[in-house]
Ligand code: PXL
């Protein structure tokens, strides 16, 4: 099982590729990477970060891969730095995803109901067009709002299902607590234990673990359940151990119980 992760390298802050690589690798799958940008830190809460867009290099890397005849079972795309990169990713899917392979898009746009630095409405529209090519999309509650214009999760889910067969809205906070809204043949909601507040990098841990579960052959619902448990424990640990949320989730020591559950499910 060969996975390609298209995401940035934020050197500090435990998100994007520095999370995807260890998590997917621990899940037991080969994870190749296509870096979109190199940053000194992620853009959420740090000032003065460096940002090197890798557009030209991405083109050269993919041309080389084409000559090698590489193909992927699953492609997972995350943080993209520009509208040009979004259209490049569509091209990558066409060139490198195996027939019958799975395309997962985490439409990284924002948090706390605002855009991350550098993103706007036009970028969100372009991201929506990438979502239309995906098998699974994993917006958080802010991103589901930025993509659909509604804060009503059921309405947002229906709108997203109009573009993609399996939308998943993560960390959706309602009066009854937190839930995951997803479409799997029908509209569904999974309750998840609640930890108040926002945790940087949680979306990337979630997307990476979910892709790992899918790559190991789990059905969507089981993949979501295991992933949600893993993220919950990682968030709890982070809340206990870390004061500065900018440095991401302390997920590392929660990988073992997650993998134990994954191996048991994958053996069924
Ligand atoms: O965690 C999402 C993310 C990924 N990559 C970069 C980011 C962010 C969120 O702030 O800035 C560079």
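Some observations on this one:
- The requirement of being surrounded by fewer than 23 Cβ atoms within 10 Å (Cβ to Cβ) and on the phi < 0 side of the Ramachandran plot is fulfilled nowhere in region 201-213; no residue meets it.
- For the criterion of being within 16 Å of the ligand (Cβ to nearest atom), more than 16 Å from the chain's Cα centre (by Cα) and buried (at least 16 other Cβ atoms within 10 Å of the Cβ), residue 34 fails.
- Unique match (being touching a residue at least 40 places away in the same chain (Cβ under 8 Å) and either away from the ligand (no atom under 15 Å from the Cβ) or out of contact with any strand residue (DSSP E or B) (no Cβ under 9 Å at 6 or more places or on another chain) (or both)) among 96, 103: 96
- Selection status of residue 87, over 26 Å from residue 187 (Cβ atoms) and touching a helix residue (DSSP H, G or I) at 6+ places or on another chain (Cβ under 9 Å): yes
- Test for residue 40: is it without any contact (Cβ under 8 Å) to a residue 12 or more places away in the chain, touching a strand residue (DSSP E or B) at 6+ places or on another chain (Cβ under 8 Å) and either surrounded by fewer than 21 Cβ atoms within 10 Å (Cβ to Cβ) or in a helix (DSSP H, G or I) (or both): no
- Exclusive hit being within 15 Å of the ligand (Cβ to nearest atom) and either at pLDDT 95 or above or surrounded by fewer than 14 Cβ atoms within 10 Å (Cβ to Cβ) (or both), set 53, 156: 53
- The conditions of being more than 16 Å from the ligand (Cβ to nearest atom) and either closer than 24 Å to residue 133 by Cβ or touching a helix residue (DSSP H, G or I) at 6+ places or on another chain (Cβ under 9 Å) (or both) are met by residue 212.
- Any hit, region 63-77, residues being within 15 Å of the ligand (Cβ to nearest atom) and buried (at least 16 other Cβ atoms within 10 Å of the Cβ): yes
- Residue 46 vs. criteria more than 14 Å from the chain's Cα centre (by Cα), at negative phi and within 14 Å of the ligand (Cβ to nearest atom): yes
The values are calculated or read from the model by the stated rules, or taken from the named source; none is laboratory data. None of the values given here were measured: they were computed from a predicted structure. So basically every Cβ, Gly included, is an ideal-geometry build from the backbone, and we count neighbours across all protein chains shown.
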